[in-house]
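**Q** The following block contains the structure, expressed as structure tokens.
The values are calculated or read from the model by the stated rules, or taken from the named source; none is laboratory data. Quick caveat, the model's predicted, so the values are computed rather than measured. Ideal geometry is used to build each Cβ from the backbone, glycine not excepted, and the neighbour counts take in all protein chains shown. Heads up: the accessible areas ignore ligands, DNA and RNA and are worked out on the full protein's heavy atoms, side chains in. Shrake-Rupley method; radii C 1.70, N 1.55, O 1.52, S 1.80 Å.
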Amino acid sequence: LYADDSPYYEQCCAGDALVVEPGADVPYMPSGWAARVSSLVVGTRCELTVWARAGKKGKSRKFSA
């Protein structure tokens, strides 16, 4: 997960990064990351599920490579 984004490919996925390892279960965003993620990259054969609210509550959305 990245804090900065750009419509230009060579400038996308920049700024501070938060790595989520395969198999990790992170029901709460680390301090300072709430409402900060602007772009993401999902590895091949991986899937990232995010929720609208902390503790895996609210609507969810899945991202894949």
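**Q** Given the options V37, V26, name the one that is surrounded by 14 or more Cβ atoms within 10 Å (Cβ to Cβ), modelled with pLDDT under 90 and not hydroxyl-bearing (S, T, Y).
**A** Among V37, V26, only V37 is surrounded by 14 or more Cβ atoms within 10 Å (Cβ to Cβ), modelled with pLDDT under 90 and not hydroxyl-bearing (S, T, Y).
**Q** Can you list residue pairs whose Cβ atoms sit under 7 Å apart, with the first residue in the stretch 17-45 being under 17 Å from D4 (Cβ atoms) and touching a residue at least 60 places away in the same chain (Cβ under 8 Å) and the second being open to solvent by less than 60 Å² (accessible area, probe 1.4 Å) and among the polar types (S, T, N, Q)? Count only pairs 6 or more apart in sequence or on different chains.
**A** none
**Q** Can I ask one more? Going by what's in this entry, would W51 be described as among the aromatic types (F, W, Y), under 14 Å from the mean Cα position of the chain (by Cα) and open to solvent by 90 Å² or more (accessible area, probe 1.4 Å)?
**A** yes
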